[in-house]
Amino acid sequence: MRKLYGYIRTWRAYVRTPKGSHDTRDYGRALLLIAATVLLVWLLLYIGGGF
């Protein structure tokens, strides 16, 4: 459990830096775009009868 707390503490410290803040926003945006793309493809396949 202490190891997990250490990872969380290190991540929080990294996010507070300018580079970490920028990287976190970029990764979040990329994750949202990937999820939206997967959802769109799934919907198109579902509607088109591919599933």
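Tabulated data
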| read-out | value |
| --- | --- |
| Calculated from backbone phi, Karplus (6.51, -1.76, 1.60) coupling profile of the stretch 13-18 in Hz, x at Gly/Pro | 5, 5, 5, 6, 7, x |
| The chain: Cα Rg divided by the 2.2 N^0.38 Å rule of thumb | 1.79 |
| Cα-centre dipole for the chain with unit charges at Cβ (Lys and Arg positive, Asp and Glu negative), debye to 20 | 480 |
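Since every read-out is calculated from the coordinates, none of them should be taken as a lab result. Just so it is clear, the model here is predicted, and its values are computed rather than measured. Virtual Cβ from ideal backbone geometry, glycine too; neighbours counted across all protein chains shown.
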